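Before any comments, here is the structure.
The values are calculated or read from the model by the stated rules, or taken from the named source; none is laboratory data. Computed from a prediction, not measured in an experiment: that's the story for all the values here. Neighbour counts are summed over all protein chains in view; Cβ atoms, including those assigned to glycine, are modelled from backbone coordinates with ideal geometry. Just the protein is used for accessible areas: all its heavy atoms, side chains included, with ligands, DNA and RNA removed. Shrake-Rupley method; radii C 1.70, N 1.55, O 1.52, S 1.80 Å.
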Amino acid sequence: MTDTPRPARAASSKLVTELAERAGIEVVWENAQRQPQRVSDDVLRVLLERLDLPCATTAQARESLAQLDTEQRASHLPPLLTAEVGRAIALPVSAPKSGTRYRIDLEQGGMIEGMISVPKGQRALLSPIPESGYHTLTLDNRRCTLAVAPRHCYGVADALEAAGKLPPRAGRSGAMPASGALDERAPAHAVDGVRGWGVGVQLYGLREPGDGGIGTYGALGRAARRIGQAGGDALALSPVHAMFSAEPHKFSPYSPSSRLFLNALHIDPADAFGPEAAQAAILDLQLGGTLAELEGLPLVDWPQAGRARLSLLRRLFDEMRAGRFGDVPRGELEAFRERGGAPLENHARFEAIQAAFLAQSPDQGYWRNWATTMRDPSSAAVREAAATMPDEVTFHVFMQWLAERGLSGAQTQARAAGMAVGLVADLAVGCDSAGSHAWSYPREMLQGISVGAPPDLFNQVGQAWGLTTFSPRGMVTQGFSAFLDMLRAAFAHAGGVRIDHILGLRRLWLVPDGSTARDGAYLHYPFEDLLRLIALESWRHRAIVIGEDLGTVPPGMRERLADNELLGIRVLWFERSASDAPAPAPAETPDKAEPASATTSEGLNISPPADPAALVAAGTPPAAPVELFIEPGKWSSHAVATTTTHDLPTVRGWWAGDDIDWRDRIGQTARPVGGEDPVARAHVERARDKGLLWAAFQQAGLAPADAPPPEEAPVDEALAFVGMTASPLVIYPLEDLLGLVEQPNLPGSIDEHPNWRRRMVAPLDALAEEPVLADRLHAIRHLFQRI
């Protein structure tokens, strides 16, 4: 009789919880209502499986715990350690005993030798390092990179000072700070009243003659020049990460194929090899009519315009290969390819291979559907596949070369026009798991997991964005190499970087593929290490850093970012504080004459401040305490100020309740059976909020004290209001400068709303000559000169 094998014993809840906590999963967390929540064991098991820490059985769980022990304790030196200038450096737990000698070879030359000290009950320490940089630590014949960072990022004040717009401050010379003593200085807004301002644009929407229906890097450079000449210091744009050349219908800038490379569809063919070469290619391909039709559309037709752009670029590539443009471009391309190394080669190979697979079958676009040998970029199979289509691979290198030239040229124009910062690039929180970034970095990227957000007051089912990102374990074990590659790519051709969802530096809500967004959990990241690396790269590139910190922010997060001079974002709609007083009844139009305005800022009316006690707000008094709009002087001096973002309504759209109607139109409004109409209620609340905002404008002296809220949106008053804040940098969305109603993106929608497709009605140079934009730019410049 044969004995039946006993089934493996399932891992206990206690063991699963221990493994989850060791792996950095937040087993117990607080929701938006500050109520504690516990992640179920089933969700923990699935997440741990996706994190390559299986725990279905007791044996698996123990093996996974042993794996974490091996990673965290087997070697006392990881590939990279981070530290701050002037502060003792704590080594990992398993570091050698006190008295062990070490050597540090400094990046700029020189050497430091010393002995390990181990204070009683504490971790082993190295003596403070006086220089920032990537140094090499040698300890017990082992080596690691020692990334020593300044204590803060390069700031707006540093950029203004370097541009000659701010007098030199005591103890600052514009050089990378060597010690914390240099941190003691007044913030930019407090030094001679000098601050910076800029404009936010959607690159795809910039319209120019002959652009074929998609905004170009050339148009971006010309926009930067125009705003710089108007006195602006920055031009912020949405991500221009590399997308999928073989799938131009994937165009959301926040779902890129790779955050290391650039969107080739924004290349300006005329800038690449001259207007004559571009026009000849258009004639050869008989694209004139198609491009003219695409150019005239109010919305970007990404699939058709993308295919036309790629056809045109391929013809120019063939012409260059044939020697039509001489030897110089070919030599520059080869030099670019050599500098790009393995990451560039992998991206180009991915693009070529994916296109070949898609030509065979539509379901072969996702690399996880490829043969196992093709899922590894370093495999012989991938090399052999690339060798069968060398021109295709080179074509994608060629497009990255032109894209980099275009973006670099735009930043050059921005600085030449007097901008202190120039372009502010946008770094997406993740990338499409089907893209080249995830394929190229299998050890560093999470697989089978989507970044998202838990249920909250605005989205009761939570969100799963279909994006992947770095594995915190992979970051540490690989020496943060992929993270640094991404950072450097973002900083390369910009004077600033906006990091989307900066809260992800500390923790991310991760949802297993195939699960609902509710069935996720927070995974912690090496926050202090990431902050230090950002500060170090910020100074090396002389670029400011902005973190999108909207939403539910963990306690102490904003304070820590402020200490690091990593700017947050404050949006007009959200800058409110609770008041115990109920909202007053709707105001009646006063009979008395309107008082004369005081000195104006040439277009942005600034009236005598109103008596706060006399201010009234139109709308229905809510049962809950009223949230008043915060006065400008009390806005954070550690954040960028703006009227709105690409995901939120414009001033005109908010005033009209356009966002409320759009959400209802696409099915985002829950309509209970019976009871009050939620859309009608939302409009009533918006009417109340309009009154509160108008009262804030009156209190700030931007509107007559006894005037009721106007029918037309008070765009000028809103622009002036954020311009009066304590923020060191104010960003004005182009949509608000032009007084547009529609916002670029409506979160939660796909095809129901024309996300990332709206184009400006005319070229920016022409719009800037029109009274609306010309007057507002002039008024903003005057406003900032006065403050």
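Per-structure values
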quantity: Average projection area in nm² (convex hull over Cα atoms of segment 219-269, one quarter of hull surface); calculated: 4.3 nm²
quantity: Accessible area (Å², per residue) of the chain, counting only protein heavy atoms and a probe of 1.4 Å; calculated: 42 Å²
quantity: Rounded Å value of the spacing that divides the Cα centres of segment 733-787 and segment 625-648; calculated: 19 Å
quantity: Rounded D (µm²/s) - segment 679-787, Kirkwood Rh over Cα pairs, Stokes-Einstein at 10 °C, 1.306 mPa s; calculated: 98 µm²/s
quantity: Isotropic mean projected area of the C-alpha convex hull, segment 528-578 (nm²); calculated: 4.3 nm²
quantity: Column: log10 I(q)/I(0), Debye, Cα scatterers of the chain, q = 0.08, 0.11 Å⁻¹; calculated: -0.75, -1.39
quantity: Rounded to the nearest 10 Å², the accessible area of residue 307 at probe 1.4 Å; calculated: 130 Å²
quantity: Cα pair count fraction exceeding 17 Å, expressed as % - segment 459-504; calculated: 52 percent
quantity: Rg to Rh quotient for segment 670-736, alpha carbon positions, Kirkwood Rh; calculated: 1.11
quantity: Per-residue SASA entry for residue 266, accessible area with 1.4 Å probe, Å² rounded to 10; calculated: 10 Å²
quantity: About the Cα centre, charge dipole magnitude for the chain (Lys/Arg +1, Asp/Glu -1 at Cβ), debye; calculated: 2420 debye
quantity: Pairs of lysines in the chain (C-alpha under 29 Å apart; 8 or more residues apart or interchain); calculated: 4
quantity: Förster radius 35 Å - calculated FRET efficiency between residue 664 and residue 311 (Cβ-Cβ, nearest 0.05); calculated: 0.30
quantity: Directionally averaged shadow of segment 367-422, computed from the convex hull of its alpha-carbon atoms, nm²; calculated: 5.7 nm²
quantity: Selected from 386, 626, 451, residue furthest toward positive end of dipole (the chain; charges at beta carbon); calculated: 386
quantity: Cα centre as origin, Lys/Arg/Asp/Glu Cβ charges: segment 1-153 dipole, Debye; calculated: 420 debye
quantity: Sequence of 433, 117 from largest to smallest accessible area, 1.4 Å probe; calculated: 117, 433
quantity: Mean Cβ neighbour count within 10 Å, used as a protection proxy, ranking 244-253, 403-412, 373-382 highest first; calculated: 403-412, 244-253, 373-382
quantity: Cβ-placed point charges (K, R +1; D, E -1), dipole of segment 655-778 about Cα centre in debye, nearest 20; calculated: 380 debye
quantity: Accessible surface of the chain [probe 1.4 Å, protein heavy atoms]: carbon and sulfur percent; calculated: 51 percent
quantity: Cα gyration tensor category, rounded, prolate or oblate, for segment 336-389 with a/c compared to 1.5; calculated: prolate
quantity: Percent antiparallel among DSSP beta bridges (both partners in the chain, rounded to 5); calculated: 60 percent
quantity: Charge dipole (the chain, unit charges on Cβ, about Cα centre) - positive-most of 479, 719, 653; calculated: 479
quantity: Solvent-accessible area of residue 267 with every protein chain in place, 1.4 Å probe, in Å² to the nearest 10; calculated: 0 Å²
quantity: Sequence of 532, 9 from largest to smallest accessible area, 1.4 Å probe; calculated: 9, 532
quantity: Accessible surface, 1.4 Å probe, highest first, among residues 366, 522; calculated: 366, 522
